[in-house]
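Engineer: Sharing a structure with you now.
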């Protein structure tokens, strides 16, 4: 279950530089992968549903935190460039 959540978080982070609508096909694809993986293992429907909820939340959280991280890095980089420009002029 945790492995699926980590992969979902990483997928959300990787997709964070795109528009939010990319999550519409990404989440059902991740849920299909979870369902197939859990069905092969023979787990119960309850654990499949819990894992699916966890993965959907992890994808969204990864997307959100990836966007925040990207914004923070861009802001810091922009400030560094401005500071260097002032030092050289």
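Engineer: Can you tell me the 0 to 90 degree angle between the C-alpha axis of helix 2-14 and the longest principal axis of the chain, rounded to 10?
Structural biologist: On a 0 to 90 degree scale, this one is about 40.
Engineer: Okay, moving on. In a solvent-free Debye calculation with one equal scatterer on each Cα, what is log10 I(q)/I(0) for the chain at q = 0.13, 0.20, 0.25 Å⁻¹, listed in the order of the q values?
Structural biologist: -0.51, -0.85, -1.11
Engineer: Using Cα atoms only, what is the angle between the long axis of helix 45-88 and the major principal axis of the chain, expressed in degrees (0 to 90) to the nearest 10?
Structural biologist: 10 degrees
Engineer: Relative to the first principal axis of the alpha-carbon coordinates of the chain, what is the inclination of helix 23-41, with its axis defined by its Cα atoms, in degrees from 0 to 90 and to the nearest 10?
Structural biologist: Taking the Cα atoms of the chain, the angle to 23-41 is about 40 degrees.
Engineer: In deg cm²/dmol, rounded to 500, what helix-only [θ] at 222 nm does the chain give when every DSSP H run of at least 4 residues adds -39500 (n - 2.57) and the total is split over its residues?
Structural biologist: -30500 deg cm²/dmol
Engineer: Arrange the following residues from fewest to most other Cβ atoms within 10 Å of their Cβ: 29, 46.
Structural biologist: 46, 29
Every number in this text was worked out from the coordinates using simple rules, so none of it is lab data. Keep in mind the model is a prediction, meaning the values are calculated, not measured. Note that each Cβ is placed from the backbone with ideal geometry, even for glycine, and that neighbours are counted across all protein chains shown.
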